[in-house]
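All remarks here apply to the structure that follows.
We did not get these values from a lab; they are worked out from the coordinates using the rules stated. What you are looking at is a predicted structure, and each value in this text was computed from that prediction instead of being measured. Cβ: placed from backbone, ideal geometry, glycine included. Neighbour counts: every protein chain shown.
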Ligand SMILES: *Cc1c(COP(=O)(O)O)cnc(C)c1O
């Protein structure tokens, strides 16, 4: 057991964990059921193209969310791209910079300008007061991101969208299984998207979905994800892409859906264990979830107040990594500081002060079915020891770590990148 900072692996001690502990290890359902379904699929020899497992999966998800249409897709990014196209977004679309880069890329990929908006530092979601200031005659929509599965200020977003005749799409990649005012995420705005990537709460290996109550929109999305085919015959009536979910993914999803309550209960228990530990560490606060709502508790997110802890967030990440705890700096450094956006909008940081601050404070820890009470206790012991000696740690580590946000620089041309 580590009792002094010299026992920390980053200062030469031996690591607490032999095997790395990851953020976002997949939650896996019953293997026997999974293999039964694979055998069934192989007997049937129907592997894709709206097979029976995809149809069943779409129905289950729609029922669970309480939404009319679920269109299962190959991943969350394609779900965003298709939803954006089906909603006929163009010109400029307002979204937070504090999101996974796919939210911005899905717009830029279609030559729509992502306009980055600041966040509310309390909720980490897009700040409605800032949205109003960013609306121009070219604005066609807003994408709200339900970060950590905690809903945006949906009511305020709906009001703004209605007042300015804007489309409203939600990126609920984190939000599967979560609710807002008792209604499941997935039923708000014009449409919402989910990601079923293995790092997310619920996975289909790779996968995603668009959910909506709009019949016409759902029809259009079904055409778009299948090359614009209108039926069994070779009748193409629309421009489309290949966004289909396959049967392997759908049957994985159906199997994992059967264990979803168990995943939530493990995550919720882990969340509480972490919370009890961090309640007494000054300078560290853990984000909470509204216990009145449904949550998936998939993200253990800390905010580090470096003025109090001494050690910085980045130093804590390095300390933990040396112990084989692969903590993550989520959404660092913010989309507006990634290419190509930082070249296109070199001054975006000026209107994103809260995003810049948060991207420097946030640290995410391992949870899920791969982590238990013993691991959590040890992770917290490492952090407690580091913070109790925070100013000494800061000095001893200070040379090794850069704590600057990446500079806004000139864009590298693709040929130069490829040659490098
Ligand atoms: C994961 C994620 C996506 C992309 O989903 P994929 O299934 O990985 O393509 C989009 N937005 C957010 C906020 C995400 O976290």
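Computed from the alpha carbon atoms alone, the convex hull of segment 260-404 holds 140 Å³ per residue.
What separates the Cα centres of segment 350-385 and segment 319-344 is a distance of 13 Å. DSSP bridge analysis restricted to the chain gives an antiparallel fraction near 55%, rounded to the nearest 5.
Helix 52-65 and the long axis of the chain differ in direction by around 60°, with both axes built from C-alpha atoms.
For the pair residue 32 and residue 357, label points projected 7 Å from Cα toward Cβ lie 5.4 nm apart.
On full extension, the segment bounded by residue 109 and residue 265 gains 52.3 nm, given 0.36 nm per residue less the C-alpha separation.
Each principal axis of the Cα cloud of segment 31-257 was evaluated for its coordinate range; sorted largest first, these ranges are 58, 39, 26 Å. Calculated on the Cα set of segment 133-274, radius of gyration then Dmax: 17.5, 56 Å.
Across segment 106-191, how large is the tail of the calculated P(r) beyond 22 Å, expressed as a percent of all Cα pairs?
22
Pairwise inverse Cα distances across segment 218-279, averaged and inverted, put the Kirkwood hydrodynamic radius at 15.1 Å. When only alpha carbons of segment 3-136 are considered, Rg and Dmax amount to 22.3, 61 Å. When the Gaussian network model of the chain links Cα atoms closer than 10 Å, the mean-square fluctuations of 76, 144, 12 top out at 12.
The order of the peptides 126-133, 235-242 by mean Cβ neighbours within 10 Å, most packed first, is 126-133, 235-242.
At 222 nm, what value in deg cm²/dmol follows for the chain if DSSP H runs of at least 4 each add -39500 (n - 2.57) and the sum is divided by all its residues, to the nearest 500? That calculation yields -11000 deg cm²/dmol at 222 nm. Considered as an equivalent ellipsoid built on the Cα gyration tensor, the chain has semi-axes of 37, 27, 20 Å, the largest given first. Helix 373-388 and the long axis of the chain differ in direction by around 50°, with both axes built from C-alpha atoms. Any chance you could check the Cα centroid distance between segment 149-184 and segment 1-61 for me, in angstrom? Between the Cα centres of segment 149-184 and segment 1-61 lies a distance of 29 Å.
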